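**Q** Sending over a structure as structure tokens; questions will come in a sec.
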Amino acid sequence: MQRSRLGGSDLEVSRFSLGTMTFGNRGPAGIACVDRAGADQLVGTAIDAGINLFDTADVYNAGESETLLGEVLGARRKDVLIATKVGLRVSRSPEDQGLSARHIAASIDRSLARLGTDHVDLYLAHRIDPSVPLEETLAAFDAVVRSGKARHIGCSNWPAWLTAKAIMMQRANGWAPFVTGQVYYSLLDRDVEQEIVPCAVDHDVGLMIWSALAMGRLTGKYAPSAAPTEGRLAAFKTFLRHHENREGAVLAALRAIAEARGKTPAAIALAWTAARPTVSTVLLGVRTIDQLRDNLSAADLLLSDDEMARLDAASARPPLYPTSAIAEVLDADSFARFTTGRPASFGGG
């Protein structure tokens, strides 16, 4: 599987990586449903396909995701990369959350113990924490890197302005910088192109994409805007809020290209996301081996310029201000370079 450098780090990550939020049985209904045997099969299949990055978090199934991942990797840990996250509430205690120096220092040790390793390759802030000075949070992450407990750090679901502010502060203080941002990006929601992608281009931040299939909406299993009764979308119904106006057009374009290519709509959607500028890896969040194998059919799939353009057109939404004002004064290629780092003519192949 193709690999690329993750932002400003020295890590070479596979085009697709495996998300493990489904590992364990202690989370919300429809989310956690993969037991030890299932996790072992998914991890083994992923490694055999060339995946070298596995993503987890301390909050996933109250730590069970980290535990299962560590157990099934075993001796294979030395051959792969692990990313985990800190910040979301992991217990009933109101203090067992956030990005204070104390919580970060304690959380990395607990994560390493569950994973059965002496370090992780990526340690990400899973949220913002306005209650803690940014300097405290960044210094604490730097201490984690200096201690050897994490090779690199990043953020997840942070706004562009705060990511840029953090990186400038890290540079000014000689602290370890954010090299990656984990964000939601799909054909049904391209909001990251407004501010986050330009920030990533400017600061050499490699993007790790979660839910490139819009929690299953782009698999073709659901009628446009139909209310799901199972899976992650059933657990997170508010996730549908931005999708309804474009879902029909996007699914029609996906199905047409998939039929012509002999692929599934999911594979086409994943290939589109993987080809986007600044995207270093796309997380595959699956429950079954069949889902993983279907997703992996996109591993070496490159879409043509025409196919990318058709999907771009079907999924386009008017830019928000001030990006809308910028679009008025730049030609198409200049605007595309500003927002993505690549010209409008760039395709997937």
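The values are calculated or read from the model by the stated rules, or taken from the named source; none is laboratory data. This is a predicted model, so every value here is computed, not measured. So basically every Cβ, Gly included, is an ideal-geometry build from the backbone, and we count neighbours across all protein chains shown.
**Q** For Ser147, only one of the following conditions fails: (1) over 30 Å from Met215 (Cα atoms); (2) in contact with an Asp or Glu (Cβ under 8 Å, 6 or more places away or on another chain). What is its number?
**A** Exception for Ser147: condition (2).
**Q** Name the residue that is surrounded by the fewest Cβ atoms within 10 Å (Cβ to Cβ), counting only residues in the stretch 70-96 that are at pLDDT 95 or above and acidic (Asp, Glu). If you could, list the steps in order and put the result at the bottom.
**A** From the stretch 70-96, those at pLDDT 95 or above are 70-86; that's our starting set.
With acidic (Asp, Glu) added as a condition, the list becomes 71, 79.
Working: Glu71: 16, Asp79: 9.
So the residue we want is Asp79.
**Q** Of all residues in the stretch 322-343 being among the aliphatic types (A, V, I, L, M) and over 24 Å from the mean Cα position of the chain (by Cα), which is modelled with the lowest pLDDT? I'd like the intermediate steps shown before the answer.
**A** To start, the set of residues in the stretch 322-343 that are among the aliphatic types (A, V, I, L, M) comprises 325-327, 329-330, 332, 336.
Those left that are additionally over 24 Å from the mean Cα position of the chain (by Cα): 325-327, 329-330, 332.
Details: Ala325: 93, Ile326: 90, Ala327: 88, Val329: 92, Leu330: 89, Ala332: 85.
Of everything passing the filter in the stretch 322-343, Ala332 is modelled with the lowest pLDDT.
**Q** May I pose another question? Take the residues of the stretch 206-235 that are at pLDDT 80 or above and assigned to a helix (DSSP H, G or I): which is farthest from Cys155 (Cα to Cα)?
**A** If we take residues in the stretch 206-235 being at pLDDT 80 or above and assigned to a helix (DSSP H, G or I), then Thr219 is farthest from Cys155 (Cα to Cα).
**Q** Cβ contacts < 8 Å: first residue over 17 Å from Ala256 (Cα atoms) and in contact (Cβ under 8 Å) with a residue 40 or more places away in the chain, restricted to the stretch 284-313; second residue part of a loop (DSSP other than H, G, I, E, B) and of a type in the set (D, E, K, R), any location; separation 6+ or different chain. Result?
**A** So the pair list comes out as Ala299/Arg15.
**Q** Here is a further query. Conditions first: (1) on the phi < 0 side of the Ramachandran plot; (2) buried (at least 20 other Cβ atoms within 10 Å of the Cβ). His119 passes all but one, so which condition is the exception?
**A** (2)
**Q** Are any residues in the stretch 182-205 over 15 Å from Arg317 (Cβ atoms), within 10 Å of the chain's Cα centre (by Cα) and either in contact (Cβ under 8 Å) with a residue 40 or more places away in the chain or in a helix (DSSP H, G or I) (or both), and if so, which ones?
**A** Within the stretch 182-205, Gln182 is the sole residue that qualifies.
**Q** Taking Cys155 and the conditions (1) assigned to a helix (DSSP H, G or I); (2) of a type outside the set (A, V, I, L, M); (3) under 19 Å from Ser280 (Cβ atoms), which numbered condition does it fall short on, given that it satisfies the others?
**A** (1)
**Q** If Ser107 satisfies all but one of (1) in contact with a strand residue (DSSP E or B) (Cβ under 6 Å, 6 or more places away or on another chain); (2) within 14 Å of Met21 (Cα to Cα); (3) part of a helix (DSSP H, G or I); (4) at pLDDT 95 or above, what's the number of the condition it fails?
**A** (2)
**Q** Within the stretch 110-149, can you find the residues that are free of Cβ contacts under 8 Å to residues at least 24 places away in the same chain and either in a helix (DSSP H, G or I) or touching a Lys or Arg at 6+ places or on another chain (Cβ under 9 Å) (or both)?
**A** Initially, the stretch 110-149 is screened for residues free of Cβ contacts under 8 Å to residues at least 24 places away in the same chain, giving 113, 130, 133, 147.
Passing the criteria: only Ala113.
**Q** Inspect all residues belonging to the stretch 280-297 and state whether any of them is surrounded by fewer than 18 Cβ atoms within 10 Å (Cβ to Cβ), among the hydrophobic types (A, V, I, L, M, F, W, C) and under 23 Å from Leu218 (Cβ atoms).
**A** Looking through the stretch 280-297, at least one residue is surrounded by fewer than 18 Cβ atoms within 10 Å (Cβ to Cβ), among the hydrophobic types (A, V, I, L, M, F, W, C) and under 23 Å from Leu218 (Cβ atoms).
**Q** Given the structure, is Arg287 closer than 27 Å to Val179 by Cβ, modelled with pLDDT under 95 and in contact with a Ser or Thr (Cβ under 9 Å, 6 or more places away or on another chain)? Walk me through how you get there before you give the answer.
**A** Values: closer than 27 Å to Val179 by Cβ: no; modelled with pLDDT under 95: yes; in contact with a Ser or Thr (Cβ under 9 Å, 6 or more places away or on another chain): yes.
Taking the combined requirement at face value, the residue does not satisfy it.
**Q** What tally of residues in the stretch 152-165 results from selecting those that are crowded, with 19+ Cβ neighbours inside 10 Å and not small (Gly, Ala, Ser)? Break it down into steps so the answer makes sense when it comes.
**A** Residues of the stretch 152-165 crowded, with 19+ Cβ neighbours inside 10 Å: 152-156, 158, 160, 163-164.
Applying the additional criterion that residues be not small (Gly, Ala, Ser) yields 152-153, 155, 158, 163.
So the answer is 5.
**Q** Do you know which residues across the stretch 174-200 are under 17 Å from Ala327 (Cβ atoms) and touching a Phe, Trp or Tyr at 6+ places or on another chain (Cβ under 7 Å)?
**A** Answer for the stretch 174-200, where residues must be under 17 Å from Ala327 (Cβ atoms) and touching a Phe, Trp or Tyr at 6+ places or on another chain (Cβ under 7 Å): Val192, Pro198.
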